[in-house]
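> So that we are looking at the same thing, I have put the structure below in structure tokens.
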Amino acid sequence: SDDDESDPVVRTLDVFLSQNLPGTRDASGRSDGLFLFQYPLRPKWYPLDSGWKMEKTKYKPLNQLIEMEFSSEFRDGSEFKHKLASSTVPPKSTYAIGLLRGDQLHLTPLQNVFQFRPRFDYKDEEDAIKKKASAANRSASDDPMDEAPAIASDGDDAPLP
């Protein structure tokens, strides 16, 4: 056919399907997990390595959770912390990673797909610290009205029993 003539076969490969990725076995002989990381909220024009420095990564295999902490520096020299947390995505099809070695194509299926989104728990921690500091400042205030107990009233200016 015309398609075969315009797109000829240039190479034939032997294909191997393996549950283990070559060279990534642990002490028990099992292959480490092979995962696909997706960043659906990150624009293509702003790659992950553009000014972000990896600080820490946590992997919780039982919960299938990965957290990555990054820092970046603004032009004024101040530092900003970023945290990305994963959620697992049920695969709609089977994905595999291919490794081409000479005339051999080794395929290994992915174990899981993780999607990463920003996590702002460090902001919650900052807010809690600010609230504690604010409460401490209020309790140290010299204004006696700050320490006066509230008295409920039924409107007749007499305290309720």
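The values are calculated or read from the model by the stated rules, or taken from the named source; none is laboratory data. These numbers were taken from a predicted model, which means no experiment stands behind them. Ligands, DNA and RNA are excluded from the accessible area calculation, which covers all protein heavy atoms including side chains. Shrake-Rupley method; radii C 1.70, N 1.55, O 1.52, S 1.80 Å.
> If you plug each phi of the range 48-63 into the Karplus form 6.51 cos²θ - 1.76 cosθ + 1.60 with θ = phi - 60°, what whole-Hz ³J(HN,Hα) values come out, in order, with x for Gly and Pro?
4, 8, 7, x, 9, 10, 5, 9, 7, 9, 10, 10, 10, x, 5, 8
> To the nearest 10 square angstrom, how much accessible area does Ser6 have with a 1.4 angstrom probe?
90 Å²
> May I pose another question? Need the full-extension length gain, Ser78 to Tyr39, defined as separation in residues times 0.36 nm minus the C-alpha distance. One decimal, nm.
Details: separation 39, 0.36 × 39 = 14.04 nm, distance 2.53 nm.
11.5 nm is the gain from fully extending Ser78 to Tyr39.
> Give the ranking of Lys53, Lys81 by solvent-accessible surface, highest area first, calculated with a 1.4 Å probe.
Solvent-accessible surface, decreasing: Lys53, Lys81.
> Just reorder Phe120, Phe35 by solvent-accessible area, largest first, 1.4 Å probe, all chains present.
Most to least solvent-accessible, the answer reads Phe120, Phe35.
> While we're here: Checking the cross-link filter: which lysines have an alpha carbon closer than 24 Å to that of Lys130, excluding same-chain neighbours under 8 positions apart?
Straight-line reach from Lys130, under 24 Å: Lys81, Lys83.
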